[in-house]
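The values are calculated or read from the model by the stated rules, or taken from the named source; none is laboratory data. This is a predicted model, so every value here is computed, not measured. Using ideal geometry, Cβ is built from the backbone for each residue, glycine included, and neighbour counts are taken over all protein chains shown.
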Amino acid sequence: MTTTLEELSLLLSAPTETEQLEFKEAKNQFDQGKLCKYFVALANEGGGRLILGVTDGHPRRVVGTAAYRDLTDLRSKIPKWVGFRVEVEELVHPDGRVLVFHIPGRPKGTAFELDGAYYMRAGHELVPMTADRLKVIFSEGQQDFVERIALDDQDGSEIIQLLDTQAYFDRVGLPYPAERRAVLARLAVEGLVVDKRDRYAITNLGALLFAKNLEQFDLLKRKTPRVIVYKGRSKLEPLSDQFGKQGFAVGFEGLIEYINAKLPSNEVIERALRRTIQVYPEVAIRELLANALVHQDLETPGRVMVELYEDRIELSNPGLPVIEPQRFIDGYQARNERLTDLMRRLKICEERSSGIDRVVALAEVHQLPAPDFRLGPGQTHAILFAPQPFERTSREDRIRACYQHACLRCVTNQVMTNASLRERFKLGDDQNSTASRILRDALERGLIKPADPESGSRRYTEYLPFWA
């Protein structure tokens, strides 16, 4: 592999480092242990390049490196250190010597480890892979959960009785075929059923989405969503506890209606007419519910839970996310690609990565506290809070809202300022010191950074999220 100076120049201009690209200054040396960790982490992310002798912050420039002068010796030692070969080349740049390491991707279904740890990239850090991430890797090459058979050896009439086929055709906007065989042929194309020459099998995908009653599928009946309503702000007094029965696509609208009926609402008078408005925007609830359904770990026992409290809604799903919660707004990586794709075509899910963006934007428009995304033991939680006066919000609420506001501005090609943050909180022009205090807290947490580090003005400083 040969990297030209022209190609290096293009790499230097890349807006950000990625899972496949890492720069390190390493003017005099670079620790062997850290070098090996980067080899393993980049290989586990699919392979890429580690470049020494270049500053890793913008504007990137070549500073040269004196590390690893004997490349022949280095090439022979790398396989002993990490267990696989890494190509390394030396570039003579006008501003100094540059080393480019070409790291191969890991074989499918395996992950590389170093001293018992399976490393991966997490922002600027190298961290051990989560158990969920390793499980996904080790299951590569095996039949996907949604492709497995949920119920075998059924005739055509039994399929029609078990699955709401009308709902499928209504959702995709197609006329319902006059002949049963044409109905089943379409379901087979979607992977909802498997045609076995006059007998059929229903896949997990078909049952999860279109079952009239998931209790008829032994391995899936515990995947139906559950809605619990509590009195007050704790779990001490449950008022109702309802389990769903239908597949996700069939029962989605009914589930949304049930949740909305259990939520508090306010009455407002406009032009002498009384109108009821929901405390929580319905679109935000739809997005969070759809997100929980499609991003759950289907291999993990458990179901999507919706818990309604006096002051919040909590949605949880089994499994930890494949990307860190702080990157939910700008990042996207589906856990269940086929399920997500079909849910999108059924108009239940939004386009890629836009769902959480919309939830955060709606929270701002409706002046709700910033949504919170938390990780529990083997679970992912999304929390939507009821309206609360700014004076009663906590410091943590304000910092989280500040970070999410910066993310939302960034993904729409804007920057956060003191003024935009005041608008987010509906603060007056005379409260710029309050906004400045929140910005300072978010800066100290490392959640945001100045767009121009050289700017001397605090009031007019523009800010970006830390990952931008």
Among strands (runs of 3 or more DSSP E) completely within segment 40-129, the ones holding 2 or more residues that are of a type in the set (Asp, Glu) and modelled with pLDDT of 90 or more are 87-93
Restricted to segment 257-293 and to residues being of a type in the set (Asp, Glu) and modelled with pLDDT of 90 or more, the residue farthest from residue 240 (Cα to Cα) is 287
Among the residues of segment 103-112, the number that are surrounded by fewer than 17 Cβ atoms within 10 Å (Cβ to Cβ) and touching a residue at least 24 places away in the same chain (Cβ under 8 Å) is 5
Per the list (1) within 30 Å of residue 246 (Cα to Cα); (2) in contact with a helix residue (DSSP H, G or I) (Cβ under 6 Å, 6 or more places away or on another chain); (3) of a type in the set (D, E, K, R), residue check on residue 158 breaks on (2)
Counting only residues in segment 68-93 that are free of Cβ contacts under 8 Å to residues at least 12 places away in the same chain and under 21 Å from residue 55 (Cα atoms), the one surrounded by the most Cβ atoms within 10 Å (Cβ to Cβ) is identified as 69
Subset of segment 354-412, residues assigned to a strand (DSSP E or B), more than 20 Å from residue 259 (Cα to Cα) and in contact (Cβ under 8 Å) with a residue 60 or more places away in the chain, comes to 376, 379
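Rundown of residues vs (1) under 14 Å from residue 39 (Cα atoms); (2) crowded, with 18+ Cβ neighbours inside 10 Å; (3) of a type in the set (A, V, I, L, M); (4) not assigned by TED's automatic domain parsing to the domain that holds residue 18, yes/no style:
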{"residue": "65", "(1), (2), (3), (4)": "no, yes, no, no"}
{"residue": "97", "(1), (2), (3), (4)": "no, no, no, no"}
{"residue": "114", "(1), (2), (3), (4)": "yes, yes, yes, no"}
{"residue": "122", "(1), (2), (3), (4)": "no, no, yes, no"}
{"residue": "128", "(1), (2), (3), (4)": "yes, no, no, no"}
{"residue": "134", "(1), (2), (3), (4)": "no, no, yes, no"}
Flagged in segment 209-232 as surrounded by 23 or more Cβ atoms within 10 Å (Cβ to Cβ), of a type in the set (A, V, I, L, M) and either touching a strand residue (DSSP E or B) at 6+ places or on another chain (Cβ under 8 Å) or part of a strand (DSSP E or B) (or both), in numbering order, are 211
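Answer yes or no as to whether residue 2 is over 21 Å from residue 122 (Cα atoms), assigned to a loop (DSSP other than H, G, I, E, B) and modelled with pLDDT under 90.
Considered against the rule, which asks whether it is over 21 Å from residue 122 (Cα atoms), assigned to a loop (DSSP other than H, G, I, E, B) and modelled with pLDDT under 90, residue 2 comes out as yes.
Does residue 297 meet the test of being part of a helix (DSSP H, G or I), modelled with pLDDT of 80 or more, within 18 Å of the chain's Cα centre (by Cα) and of a type outside the set (A, V, I, L, M, F, W, C)?
No; evaluated as a whole, the condition is false for this residue.
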Within segment 17-39, of all residues that are within 22 Å of the chain's Cα centre (by Cα) and of a type in the set (S, T, N, Q), the one modelled with the lowest pLDDT is 18
The lone condition residue 430 fails out of (1) surrounded by 15 or more Cβ atoms within 10 Å (Cβ to Cβ); (2) over 28 Å from the mean Cα position of the chain (by Cα) is (1)
